[in-house]
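Below: one structure, written as structure tokens.
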Amino acid sequence: MKIDYLRISVTDRCNLRCIYCNPLGGSEFLEHKEILRFEEICRIVRLFVGCGISKVRVTGGEPLVRRGVVDLVRRLAGIKGVEDLSLTTNGVLLGPMAGELKEAGLMRLNVSLDSLDRQNYAQITGADCLEKVMAGIRKAIEVGLSPVRINAIILKGVNEPDIAALARLSVAMPVTVRFIEYCPTGKHTRPAGDYVPEAQVREVIERQLAPLSSVMVGRSNGPACYYKIRNTPGIIGFISGRSSTFCRRCNRLRLTSDGKVRPCLYSAHSYDLKEMIRGGADDEEITVLLRKIIAEKSSYTKLNSFTEDFSMRCVGG
Ligand code: SAM
């Protein structure tokens with residue numbers, strides 16, 4: 001698998017408190033000086049591009065709460081060799097920003113949305129913002145961000161009844177609805193057994209909507225598998241890190257908000273680029289390390305076991 005994809009967590013802060021994504025149990029945030037500055041992020045991306053990275057995703061925390069994020073998108077879009085620039089957001093602030101993000105060079109967008117029921121949405125996220133998120137999704141489609149993907153996590157006893165309605169979005173709109181298996185990230189999150197396996201979600205969709213037929217999306221689907229309901233504008237996808245092992249198909253490196261490169265989401269093992277950069281390392285020294293990280297990642301064939309409690313909002317989901 002060619003390692004060509006870098007996900008960057010640009011902040012550990014978030015305006016929602018999703019029940020599966022707040023593992024440290026509170027709201028302790030990193031100090032501003034611990035967070036990578038835009039010029040540091042852009043330098044790292046430029047050097048990674050020299051090592052074969054061509055896809056970049058901006059995530060968090062909630063990336064749209066980081067001041068100046070549109071400017072960061074513009075700078076990243078201007079780096080020669082960044083062929084694919086995307087962003088993952090909870091969508092709360094998206095409506096008023098979608099146009100300027102597109103204009104700054106953003107190509108694609110993922111919006112996290114786990115329920116279409118107002119009360120259930122508020123129970124999962126801690127905020128009554130479903131309408132804002134839906135308006136953001138509609139705006140993103142209108143300004144031409146494409147594809148717009150919707151990421152949903154289904155938890156046992158929480159939002160199983162929402163599966164069909166979420167899947168139906170792909171029938172009504174040109175969006176890709178992806179069901180991502182919940183991954184436990186620490187003792188303060190939901191129990192590991194709360195995840196609902198892909199097979200169960202598929203069964204609900206096929207029973208309540210229609211049969212799914214497999215499709216290929218782009219050059220590589222990465223860890224996702226995609227399907228379509230015939231004669232509908234959207235796509236339905238699954239990312240099933242619990243009920244299957246996709247390490248051989250995983251092309252993702254992660255840069256945490258405090259400047260560490262993490263080759264695998266499931267392992268605490270990381271490389272501290274911020275320390276290197278602030279310690280005065282030159283481009284050549286950093287490039288040597290980046291090549292080592294990419295070679296190491298290419299050699300992963302089986303799942304690492306969790307070694308720590310970690311926060312998805314710091315690592316970048
Ligand atoms: N705030 C943005 C958002 O909500 O999309 C970006 C950051 S969020 C950490 C990125 C993605 O990680 C979301 O789609 C979220 O559903 C997913 N995520 C968070 N915690 C997770 C977990 N424990 N297991 C699987 N996915 C998780």
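Structural remarks
- Hey, residue 71 more than 10 Å from the ligand (Cβ to nearest atom) and under 21 Å from residue 223 (Cα atoms) or not: no
- Of all the criteria given as (1) of a type outside the set (Val, Ile, Thr); (2) touching a strand residue (DSSP E or B) at 6+ places or on another chain (Cβ under 9 Å); (3) in a loop (DSSP other than H, G, I, E, B), the one not satisfied by residue 85 is (3).
- Per the listing 197, 161, 174, the residue uniquely within 18 Å of residue 114 (Cβ to Cβ) and exposed (fewer than 15 other Cβ atoms within 10 Å of the Cβ) is 161.
- Verdict on residue 86 being polar (S, T, N, Q), without any contact (Cβ under 8 Å) to a residue 40 or more places away in the chain and crowded, with 16+ Cβ neighbours inside 10 Å: yes
- Of residues in the range 41-63 being in a helix (DSSP H, G or I) and open to solvent by 10 Å² or more (accessible area, probe 1.4 Å), the one nearest to the ligand (Cβ to nearest atom): 42
- Test for residue 80: is it open to solvent by 70 Å² or more (accessible area, probe 1.4 Å) and more than 16 Å from the ligand (Cβ to nearest atom): yes
- Number of residues in the range 143-187 that are in a loop (DSSP other than H, G, I, E, B) and within 10 Å of the ligand (Cβ to nearest atom) equals 6.
- Some residue of the range 237-247 being out of contact with any Leu (no Cβ under 7 Å at 6 or more places or on another chain) and assigned to a helix (DSSP H, G or I): no
- Tabulated pairs, the range 9-21, first over 15 Å from residue 257 (Cβ atoms) and part of a loop (DSSP other than H, G, I, E, B), second small (Gly, Ala, Ser) and open to solvent by 30 Å² or more (accessible area, probe 1.4 Å), C-beta under 9 angstrom, 6+ apart or interchain: 16/112; 16/126; 17/27; 17/126; 18/112; 18/126; 19/126
The values are calculated or read from the model by the stated rules, or taken from the named source; none is laboratory data. What you are looking at is a predicted structure, and each value in this text was computed from that prediction instead of being measured. Virtual Cβ from ideal backbone geometry, glycine too; neighbours counted across all protein chains shown. Accessible surface is based on the protein model in full, side chains and every heavy atom, while ligands, DNA and RNA are left aside. Shrake-Rupley method; radii C 1.70, N 1.55, O 1.52, S 1.80 Å.
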